[in-house]
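> Quick one: the structure is below, and I'll ask about it shortly.
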Amino acid sequence: MRSLSSFFYRYQRLSLLLLLALPLLWLGVIYLGSLSALLAQSFFSLDGFTGQVVKEFTLSTYTQLFSPANLDVIGRTVTMALVVTLASIIVAFPLAYTMARAASPALRSLLYLLVLMPLWSSYVVRVYAWKLILAKEGVLNWFLSKLHLSWLSDGLLGLPVIGGPSLSLSFIGTFLVFLYIWLPYMILPIAAGLERIPKSLLEASSDLGGKPALSFWRVTFPLVLPGIVAGSIFTFSLTLGDYIIPGVVGNSQPFIGQVVLIQQGTAGNIPLAAAFTVVPMVIMALYLSLARKLGAFEAL
Amino acid sequence: MTNSSVRFENVNRHFGGIKAVDKVSFDVKEAEFFTFLGPSGSGKTTCLRLIAGFEQADKGQIFISDKLVNSIPPYDRDVHTVFQDYALFPHMTVLDNVAYGLMIKKIPKPQRHKQAEQALEMVRLTGLGNRRPAQLSGGQRQRVALARALVGRPKILLLDEPLGALDLKLREQMQVELKELQTQVGITFIYVTHDQEEALSMSDRIAVFNHGKIEQLDHPRVIYEQPKTSFVAGFVGTSNLIEGQLAQKLSGQTSPFTIRPERIRLTQEIDTAPQTIKVAGTVHDIIYLGMYTRSHIQLDDGPLMTVHSQNLDSNSSSPKFHKGDRVNLSWAAEHMHHLEP
C-alpha cells in the first residue's frame, strides 16, 4: 500500500490521468462520439424507393430541412422557446431575489424546498396533471367561472394562432406547461447568482448616490446576468428539444422534438432526424456567442 | 474646526437582544481625523454604518453637518465609505469604478473620466484605469476604493478597517499616506480600527468602544497616558493593573492604578532615587523581541507584571536576568495613573 501511494506521489501526472480516465472515456466516446455520428448522419440521405440510408455525402437532407413545412416547425419551436424563456425570467426573478436576499434563513430553506419538490415527481405525471387542470371541464375553468372571470379565458382562447377550443388544446396551454415545468431551472441559477453578489457592492452603490433602481441596473443586473444566461440555456434548450409536452397539451401542431421522434422512429428517416437535431445545437451555439459578445460572462 | 461634522445623541441600535450600540453620544468636528477604536463586536462598525445610513438608529438622533439624518437614505447623504472588503465593482474597469459616483451625478463622460484620472493620480495609480479590480493587488484595490470615495468630494469620509487586509509594511506606509491625504483634502475622516497603534498614530481624537458604549473619548496622548478605565488601559497598549491592598501600599491611595511596562525599571540593586516606587519580585520569563525585551515578573505579594526594557546595548548577547532571578522593580511616582473607582 505504502509503495503504491509513493508511486503515485512520484508520478503525479499518471495519477491524474488515471483519475480522469473514466470521465474522459465517457465524454470522448459516448458523448462526443455519438454527437459526431449524429452530425455525420445528417449529411447522408434516405433513398425514397428502398427506404435505406445512402451513406454518401450530400446536402439534400439539409435542403429538405429548409422546406416550408419544416421551417414552420422550427419557427414555431424557437418562438415558443423564446417566449417560455422570457416568461421564466420574469416569473423566476422576484422569487429568486426573495430567496437570495430578503428571506430569513428558515423561509429561504422552505422556498428552496418548494422550488425543488416538483422535480422529485415524474415529469410525465405532472404534464398530464396540467392537461386535466387546463381542460374545458378542468379546475382552472371552474375556478375562473366562480370568480366570474370566464370572459378572460374565453377572450384569450378567441385569439388567432395561440387560441383554441380550450386551454389544454391551445398554444397558451403548451406555454403554461412549459413555463411550469422549466421554472425551477431558471430560479436556481438566478438565486445562486444573486447570492454570490456581496452585499457591500450594493451598499457601495447607494453610498455613492445610487438610488435602488439605478443600483439594480448598474450592479445587481450585470452581476446576475451569467445566472440568467445559465437559466435561459436550460429553459431554451429544454423547450427546443422537448417532445412530450406539445404532444399532451396543445393544438397538435408539431415541434422539433416530436418531428425528430417521428422521423427516426416511424418514418425511419434518420438523416432528417439528425438534421433536425442539429438545429437546436446551432441555435444554442449562436445564442451563447451572442451572450458572450454582449458581455454576459464578464462578471464571472 | 468648530463646526460639527457628525453628532450622535444617545443613539441606540439593537440586533435582536444584543445592544450593538448603546446610548452613544459624540461630536466629530469638521476636518477632524476621528477614530472608533475597539475589539470586534464592540459597536464601532455599527456606528460607522449608522453614519453611512446602512443601519437605522432604534433610538436617539444622528446629525450630519447639523442636519438630522435619521430618516435620510444612504444615497442622499453627503458621506462616502471605504469598505473593509473595498467593494469594488468587479464588472467595471478601475476608471469606471472611480467615476461611478460622478456618473450618478450625470457629469458628462469626458469630464468624469478626467476627474477620475486625477483621483487615481492622487492615490498614485496613474495608468491603471483600464484594468479590472481582479487584476490589482490588495494595496492597489485599497487605493482604488479610496479614490472612488474621494472623487465626489464628500464632506465626510468613512473608513471601515481599510488597512486590515494589507501586510505590515504596506499598512504602515498607507497610514502615513492616509494621514497626509486627509490633511491635503481637508475633510472629516471617521476611521474604524481594532489596531491601537494605527489609532494612536493617525487620529486627532479616539473614541474607545467596548460592549456598544464609548469607554473614553479623547486625544491619543490622553487615551494612552491617562486611561479612564481598566479596559482602556488594557486595550490601548499594555498595562499593569494594580488593585487593592498593594495599590494602597504602593501609592497611598485606595483606587486601583495602572503602570505602563516601559516605565518600569528592572534592577538588581534597590533603586535609591527619591520619588520612586519600589517593589520586589521573581523573574517568571523573558522574551527577546528585537527592539525591546519583555519580562514577566511575579511580585511577591501581587500580580504578574509586564516590563518592557529597551535593548540599547548591542553587545549584550546574553540576557541580563534569567528565570528565577530576584529583581527589583521601580518607577517614578508620576507614571502611576489612577483609574476611576
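> If only one of B:G324, B:G290 is part of a loop (DSSP other than H, G, I, E, B), touching a Ser or Thr at 6+ places or on another chain (Cβ under 8 Å) and not polar (S, T, N, Q), which one is it? Full working, then the answer.
Working: B:G290 fails: touching a Ser or Thr at 6+ places or on another chain (Cβ under 8 Å).
After applying the criteria, what remains is B:G324.
> Hey, can you tell me all the residues within segment A:228-250 that are touching a residue at least 40 places away in the same chain (Cβ under 8 Å), in contact with a Gly (Cβ under 6 Å, 6 or more places away or on another chain) and not hydrophobic (A, V, I, L, M, F, W, C)?
Result: A:D242, single match.
> Then there is this: Return the total of residues in segment A:161-211 being over 27 Å from the mean Cα position of the chain (by Cα) and on the phi < 0 side of the Ramachandran plot.
Here is the first cut: in segment A:161-211, the residues over 27 Å from the mean Cα position of the chain (by Cα) are A:165, A:198-211.
Right, trim to on the phi < 0 side of the Ramachandran plot and you get A:165, A:198-208, A:210-211.
Number of matching residues: 14.
> Within segment A:122-146, can you find the residues that are without any contact (Cβ under 8 Å) to a residue 40 or more places away in the chain and of a type in the set (K, R)? Walk me through it before giving the result.
Narrowing segment A:122-146 to residues without any contact (Cβ under 8 Å) to a residue 40 or more places away in the chain: A:122, A:125, A:129, A:132-133, A:135-146.
Once the filter is applied, which keeps residues that are without any contact (Cβ under 8 Å) to a residue 40 or more places away in the chain and of a type in the set (K, R), segment A:122-146 yields A:K136, A:K146.
> Going residue by residue through segment B:55-71, is there one that turns out to be within 11 Å of another protein chain (Cβ to nearest Cβ) and either modelled with pLDDT of 95 or more or under 26 Å from the mean Cα position of the chain (by Cα) (or both)? First the steps, then the outcome.
Initial filter on segment B:55-71 (within 11 Å of another protein chain (Cβ to nearest Cβ)): B:55.
Next, only the ones that are either modelled with pLDDT of 95 or more or under 26 Å from the mean Cα position of the chain (by Cα) (or both) stay: B:55.
Scanning segment B:55-71, I find at least one residue that is within 11 Å of another protein chain (Cβ to nearest Cβ) and either modelled with pLDDT of 95 or more or under 26 Å from the mean Cα position of the chain (by Cα) (or both), so the answer is yes.
> Which of the helices (runs of 4 or more DSSP H) contained wholly in segment B:46-157 include at least 2 residues that are over 28 Å from A:V224 (Cα atoms) and of a type in the set (A, V, I, L, M)? Walk me through it before giving the result.
Working: elements: B:94-98, B:100-104, B:109-122, B:138-150.
Hits in segment B:46-157: B:109-122.
> If you go through segment B:158-176 one residue at a time, how many are part of a loop (DSSP other than H, G, I, E, B), modelled with pLDDT of 85 or more and either over 15 Å from B:D195 (Cα atoms) or not acidic (D, E) (or both)?
Here the count works out to 2.
> Looking only at segment A:143-152, decide whether some residue is buried (at least 18 other Cβ atoms within 10 Å of the Cβ) and either within 14 Å of chain B (Cβ to nearest Cβ) or not aliphatic (A, V, I, L, M) (or both). Before you say what the answer is, go through the steps one by one.
Of the residues in segment A:143-152, the ones buried (at least 18 other Cβ atoms within 10 Å of the Cβ) are none.
Among the residues of segment A:143-152, not one is buried (at least 18 other Cβ atoms within 10 Å of the Cβ) and either within 14 Å of chain B (Cβ to nearest Cβ) or not aliphatic (A, V, I, L, M) (or both), which makes the answer no.
Residue-wise test of (1) small (G, A, S); (2) surrounded by fewer than 17 Cβ atoms within 10 Å (Cβ to Cβ).
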{"position": "B:P74", "(1), (2)": "no, no"}
{"position": "B:D78", "(1), (2)": "no, yes"}
{"position": "B:A87", "(1), (2)": "yes, no"}
{"position": "B:V94", "(1), (2)": "no, no"}
{"position": "B:G101", "(1), (2)": "yes, no"}
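> Here is a follow-up. Scan segment B:77-118 for residues that are more than 13 Å from chain A (Cβ to nearest Cβ) and either among the basic types (K, R) or closer than 30 Å to B:K44 by Cα (or both) and jot them down.
B:V94, B:K109, B:K114
> Give segment A:268-294 a look and list any residue that's in contact with a helix residue (DSSP H, G or I) (Cβ under 8 Å, 6 or more places away or on another chain) and not in a helix (DSSP H, G or I), or say none.
Initially, segment A:268-294 is screened for residues in contact with a helix residue (DSSP H, G or I) (Cβ under 8 Å, 6 or more places away or on another chain), giving A:269-280, A:283-284, A:287-288, A:291.
Correct list: A:N269 only.
> Can you name the condition, by its number, that B:L125 falls short on among (1) over 24 Å from B:D204 (Cβ atoms); (2) touching a residue at least 40 places away in the same chain (Cβ under 8 Å)?
(2)
> Here's something else I'd like to know. What are the residues in segment A:191-208 that are within 11 Å of chain B (Cβ to nearest Cβ) and either part of a helix (DSSP H, G or I) or in contact with a His (Cβ under 9 Å, 6 or more places away or on another chain) (or both), if any? Before the answer, list the steps.
Here is the first cut: in segment A:191-208, the ones within 11 Å of chain B (Cβ to nearest Cβ) are A:196-208.
Answer for segment A:191-208, where residues must be within 11 Å of chain B (Cβ to nearest Cβ) and either part of a helix (DSSP H, G or I) or in contact with a His (Cβ under 9 Å, 6 or more places away or on another chain) (or both): A:R196, A:K199, A:S200, A:L201, A:L202, A:E203, A:A204, A:S205, A:S206, A:D207, A:L208.
> Now for a different question. From the residues in segment A:6-18 that are in a helix (DSSP H, G or I) and surrounded by 11 or more Cβ atoms within 10 Å (Cβ to Cβ), which one is farthest from the chain's Cα centre (by Cα)?
Step one: list which residues in segment A:6-18 are in a helix (DSSP H, G or I), which gives A:6-10, A:12-18.
Those still in the list that are surrounded by 11 or more Cβ atoms within 10 Å (Cβ to Cβ) too: A:7-8, A:14-18.
Values: A:F7: 46, A:F8: 42, A:L14: 38, A:S15: 37, A:L16: 34, A:L17: 34, A:L18: 34 Å.
That would be A:F7.
> Would you tally the residues in segment B:134-172 being over 16 Å from the mean Cα position of the chain (by Cα) and surrounded by fewer than 15 Cβ atoms within 10 Å (Cβ to Cβ)? Break it down into steps so the answer makes sense when it comes.
First, pick out the residues of segment B:134-172 that are over 16 Å from the mean Cα position of the chain (by Cα): B:134-156, B:167, B:169-170.
Filter once more, so that each one left must be surrounded by fewer than 15 Cβ atoms within 10 Å (Cβ to Cβ): B:134-135, B:137-138, B:153, B:167, B:169.
Qualifying residue count for the region: 7.
> Follow-up. Scan A:L167, A:L188 and give me the residue that is modelled with pLDDT under 95, farther than 27 Å from A:L71 by Cβ, more than 14 Å from every other protein chain (Cβ to nearest Cβ) and touching a Ser or Thr at 6+ places or on another chain (Cβ under 7 Å). Full working, then the answer.
Details: A:L188 fails: touching a Ser or Thr at 6+ places or on another chain (Cβ under 7 Å).
From the options A:L167, A:L188, the qualifying one is A:L167.
> I would also like to ask the following. Consider A:I133 against the criteria (1) within 19 Å of the chain's Cα centre (by Cα); (2) within 30 Å of A:G163 (Cα to Cα): it satisfies all of them except one. Which criterion is unmet?
(1)
> Out of all the residues in segment A:212-222, is one or more within 14 Å of another protein chain (Cβ to nearest Cβ), assigned to a helix (DSSP H, G or I) and under 22 Å from the mean Cα position of the chain (by Cα)?
Pass one, segment A:212-222, residues within 14 Å of another protein chain (Cβ to nearest Cβ): A:212-222.
With assigned to a helix (DSSP H, G or I) added as a condition, the list becomes A:212-222.
If we keep only those that are under 22 Å from the mean Cα position of the chain (by Cα) too, we end up with A:221-222.
Yes.
> Could you look through segment A:234-274, keep only residues that are surrounded by 17 or more Cβ atoms within 10 Å (Cβ to Cβ) and of a type in the set (S, T, Y), and pick out the one that is nearest to A:G75 (Cα to Cα)?
Among residues in segment A:234-274 that are surrounded by 17 or more Cβ atoms within 10 Å (Cβ to Cβ) and of a type in the set (S, T, Y), the one nearest to A:G75 (Cα to Cα) is A:T239.
> Let me ask you something else. Being among the aliphatic types (A, V, I, L, M) and more than 23 Å from the chain's Cα centre (by Cα) is the requirement here; does B:A99 meet it?
Values: among the aliphatic types (A, V, I, L, M): yes; more than 23 Å from the chain's Cα centre (by Cα): yes.
When the stated conditions are applied, B:A99 passes them.
> Can you name every residue in segment B:164-200 that is out of contact with any Asp or Glu (no Cβ under 9 Å at 6 or more places or on another chain) and hydroxyl-bearing (S, T, Y)?
B:T183 - this is the single residue of segment B:164-200 that is out of contact with any Asp or Glu (no Cβ under 9 Å at 6 or more places or on another chain) and hydroxyl-bearing (S, T, Y).
The values are calculated or read from the model by the stated rules, or taken from the named source; none is laboratory data. Predicted model, so just to flag it, every value in this text is computed and none were measured. Counting neighbours? That spans all protein chains shown, and the Cβs are built from the backbone with ideal geometry, glycine included.
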